[in-house]
Number of protein chains: 2
Amino acid sequence: MQINQEGTVTSAAGFTAAAIAAGLKGNDQLDLALIFSEQNCVTAAMFTQNQVAAAPVIVDRETLAIDNRIIRAVVINAKNANACTGQPGIENARRMQYVAANALTGTPEQVLVLSTGVIGVQMPMDKIEAGINAAAQYLSPENGRAAAKAIMTTDTIPKHLSVSVDLPEGTVTIGGMAKGAGMIHPNMATMLAVVTTDAAVEAVELQELLETAVNQSFNRISIDGDTSTNDTILLLANGASNVSLTDAASQAQFGDALNYLCRELAQMIVRDGEGATKFVEIQVTGARSAAEAHQVANTIATSPLVKTAFAGSDPNWGRILAAAGRAGVSLDQYKMNLWIGVEQPDDLQLVANGTPTGYAEADAAAVFAQDAFKIRLDLGLGAGSTAVWTSDLTHAYITINADYRS
Amino acid sequence: MQINQEGTVTSAAGFTAAAIAAGLKGNDQLDLALIFSEQNCVTAAMFTQNQVAAAPVIVDRETLAIDNRIIRAVVINAKNANACTGQPGIENARRMQYVAANALTGTPEQVLVLSTGVIGVQMPMDKIEAGINAAAQYLSPENGRAAAKAIMTTDTIPKHLSVSVDLPEGTVTIGGMAKGAGMIHPNMATMLAVVTTDAAVEAVELQELLETAVNQSFNRISIDGDTSTNDTILLLANGASNVSLTDAASQAQFGDALNYLCRELAQMIVRDGEGATKFVEIQVTGARSAAEAHQVANTIATSPLVKTAFAGSDPNWGRILAAAGRAGVSLDQYKMNLWIGVEQPDDLQLVANGTPTGYAEADAAAVFAQDAFKIRLDLGLGAGSTAVWTSDLTHAYITINADYRS
């Protein structure tokens, strides 16, 4: 597998992109992107589980249901989520499909729409329509990074990557971009990701590959099912490499590459979480099942008290055990063991059988002072384990979110 | 019902208290309290549902189980929670019972122990023992307010109140004190409350009265079952008024007074939440059941994005609907209606059938700029309703919690 840190959503053959300043963000910032494929794309998708789904999510679900998942274009705007906008919002999302289809000589049912930004405000359709029409003039394989910039909201850096895999049948490339989220509850701020590949994959297999990858990446930075109004990840496969993933071994290799790409994008989101200054891996081992391990790990990873302790470089591990204790999983506190470390999470044992060890406070503080470190909580109950990634909760998070709309 | 804002845990006849500076907080601050009754107290109690329960919670549960709930003294310390301290912690909690019993001529099984403060550090038993022995010399009905001060951690004001009720059988008094919690997840910072009464009540009835009151008060500022390692509320009834609650009407009147007292103490905790500058009542109506209304209201009340919007005086109501949508209750976003107001939550309608109304942004901002305001979300699904109380999430919360231990 070749990794290209400069790779983007247009690294796979046959994909082009455009990004323009449609006037949504102001100050000539990029705020609208198109992704386009001349060839039809088999498409897999996963959407928010929030019952207050945004209009583009509702429209995309309908589109993918009626059209056998053949897509050629994706239009994405920042600054307005088109959520909680009622029937006018639905009509505006459909209008975006229609305008993009007209500009790109496709049909509306071959266009997906993604939006991110403020909730509860109708879309400025004059700017959006003019933006789509203008962007359609600038489609190019060179614009992948610009597209990653256009979809940013509170992100501070564009997030993109590509990987290539040499299979017996030939080389295939996967490229992707993502935008991030408020990291205290990534579920509540919008996560968008678009991944493209020139491999030829059947629709059912593509959806399975996407779900496997998301469960090991984007779902490790959020509580399952606890998502924003707009969260969406798309995977478009246009087959332009002429390499079909018919062989099981090739599929597995492709799957590994897709997992890697999604995990890297997800970790980029954590590192660039709103106000985040630390990247923390939380491992839970010794659970009765992987599901229970995940539940405990996510409760720790989203605990404001744990995350403020990270921000203060304070190895206040009592908060970690306390978070585990309210995770809704049956536990025995006297079987709990806790380690921390920088490279490995087993460098320093803080808790043995629910009781503090005689560790030196300075050693623990030295680990928590790092920009990145790892924690392992063993529950002593079984063989289930998981790892999730989280950040600290800082003053900057409050600043960003206390007045996000202005 | 007579309300006494200066009333305390010693307002009911027969209760005394003491508070001293045992050297736990330093700087001669009060940090250890005793509550004492010459007469035996029938006792009701509710404890944290956290499976990582602190040593005093474990010991109190045992004590109340073996001794038919007859209690005469409560010893409370701040600064150390005696949680995640293993078997030594259990022994220290028992030692606190024993020392208090010796000092007060009771038996250890008639003493309950409450602790709050940092987790994972063994109790400084020399200071604790000396403190209990010293405090026992100063028991007086005058020390109720001092006791409320001694149990404070990040609280900025002591929280106490008493109410008296004239029943046909005579007058009974209920007094109480509480200490607060980090308000982003009150479940994680410790909430302690001790309520005393001179009414004579049977144990079973007393427990029922307490549970009813807590469900309408302290459980309205927290997610049920999602509590800290130490959360405890005690209700001690010593019968010193010689008024027995045998009559159903009298019991109901007493219950109303207890509910009022607990609701007031709970709201004091919200108002004094860590870094809180706003007090917000969140009503959910039109739910299928009261339980579903409560689940939605609590998800809104604990959403960091909602609470940071409160901090910024930003009427970003999309976050309120989005929080409802992830609450785990089946909803129809197009049936949702949302109002806000200062005195009543129906002054200004922001959302009708899931779509923004044509309200003036300045009107909404004027409500959110207040120190206290109300929100009502109607789900349009049934007759279930609830109200919960929450605060905003501010920079001060981060400051308090990023370095709580130092």
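Observations on the structure shown:
Yes or no, residue by residue, for (1) closer than 30 Å to B:Ala323 by Cβ; (2) in a strand (DSSP E or B); (3) β-branched (Val, Ile, Thr):
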position: A:Gln29; (1), (2), (3): yes, no, no
position: A:Leu34; (1), (2), (3): no, yes, no
position: A:Gln49; (1), (2), (3): yes, no, no
position: A:Val59; (1), (2), (3): yes, no, yes
position: A:Ala65; (1), (2), (3): yes, no, no
position: A:Val75; (1), (2), (3): yes, yes, yes
position: A:Gln87; (1), (2), (3): yes, no, no
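- The residue that is surrounded by the most Cβ atoms within 10 Å (Cβ to Cβ), among those in the stretch B:304-327 that are more than 7 Å from chain A (Cβ to nearest Cβ) and outside any helix (DSSP H, G or I), is B:Pro315.
- In the condition set (1) without any contact (Cβ under 8 Å) to a residue 40 or more places away in the chain; (2) at positive phi, A:Ala103 is compliant with all but (2).
- B:Thr299 being more than 18 Å from B:Glu274 (Cα to Cα), within 13 Å of chain A (Cβ to nearest Cβ), surrounded by fewer than 17 Cβ atoms within 10 Å (Cβ to Cβ) and of a type outside the set (Asp, Glu): no
- All conditions but one from (1) modelled with pLDDT of 85 or more; (2) out of contact with any Pro (no Cβ under 9 Å at 6 or more places or on another chain) apply to A:Leu305; the one that does not is (1).
- The number of residues in the stretch A:82-97 being more than 8 Å from chain B (Cβ to nearest Cβ) and without any contact (Cβ under 8 Å) to a residue 24 or more places away in the chain comes to 1.
- For B:Leu331, the criteria (1) part of a loop (DSSP other than H, G, I, E, B); (2) without any contact (Cβ under 8 Å) to a residue 40 or more places away in the chain; (3) within 8 Å of chain A (Cβ to nearest Cβ) hold in every case but one, which is (2).
- Selection of the stretch A:231-262 for residues being part of a strand (DSSP E or B) and either surrounded by fewer than 24 Cβ atoms within 10 Å (Cβ to Cβ) or of a type in the set (A, V, I, L, M) (or both) yields A:Ile233, A:Leu234, A:Leu235, A:Leu236, A:Ala237, A:Val243, A:Ser244.
- For A:Gly318, the test of being within 28 Å of B:Ile58 (Cβ to Cβ), in contact with a strand residue (DSSP E or B) (Cβ under 9 Å, 6 or more places away or on another chain) and either free of Cβ contacts under 8 Å to residues at least 12 places away in the same chain or of a type in the set (D, E, K, R) (or both) is passed.
- Scanning the stretch A:336-370 for residues that are within 11 Å of another protein chain (Cβ to nearest Cβ) and assigned to a helix (DSSP H, G or I) yields A:Glu361, A:Ala364, A:Ala365.
- In the stretch A:62-95, of all residues being of a type outside the set (S, T, N, Q) and at positive phi, the one that is farthest from the chain's Cα centre (by Cα) corresponds to A:Gly86.
- Index of the failed condition, A:Asp155 passing every other in (1) among the acidic types (Asp, Glu); (2) more than 23 Å from A:Leu64 (Cα to Cα); (3) at pLDDT 95 or above: (3)
- Residues that are closer than 16 Å to A:Arg319 by Cα and out of contact with any Pro (no Cβ under 6 Å at 6 or more places or on another chain) within the stretch A:335-348 comprise A:Met336, A:Asn337, A:Leu338, A:Ile340, listed in sequence order.
Condition check ((1) closer than 14 Å to A:Gly131 by Cβ; (2) in contact (Cβ under 8 Å) with a residue 60 or more places away in the chain; (3) away from chain B (no Cβ under 14 Å)) across all residues:
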| position | (1), (2), (3) |
| --- | --- |
| A:Gln51 | no, no, no |
| A:Val57 | no, yes, no |
| A:Ile70 | no, no, yes |
| A:Ala78 | yes, yes, yes |
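- For the stretch B:373-385, the criterion of being more than 8 Å from chain A (Cβ to nearest Cβ), modelled with pLDDT under 95 and either more than 22 Å from B:Ile269 (Cβ to Cβ) or not in a helix (DSSP H, G or I) (or both) is satisfied by no residue at all.
- Selection count, the stretch B:104-130, where residues are within 14 Å of another protein chain (Cβ to nearest Cβ) and assigned to a strand (DSSP E or B): 3
- B:Asn401 crowded, with 21+ Cβ neighbours inside 10 Å, in a loop (DSSP other than H, G, I, E, B) and of a type in the set (S, T, N, Q): no
- Evaluated against (1) of a type outside the set (S, T, N, Q); (2) in contact with a Lys or Arg (Cβ under 8 Å, 6 or more places away or on another chain); (3) buried (at least 21 other Cβ atoms within 10 Å of the Cβ); (4) modelled with pLDDT of 95 or more, A:Lys79 falls short on exactly one condition, (4).
- Selection from the stretch B:271-287 of residues that are over 17 Å from the mean Cα position of the chain (by Cα), surrounded by fewer than 22 Cβ atoms within 10 Å (Cβ to Cβ) and modelled with pLDDT of 90 or more: B:Gln283, B:Thr285, B:Gly286
The values are calculated or read from the model by the stated rules, or taken from the named source; none is laboratory data. Here the structure is a predicted model, which means the values were calculated and not measured. Cβ: placed from backbone, ideal geometry, glycine included. Neighbour counts: every protein chain shown.
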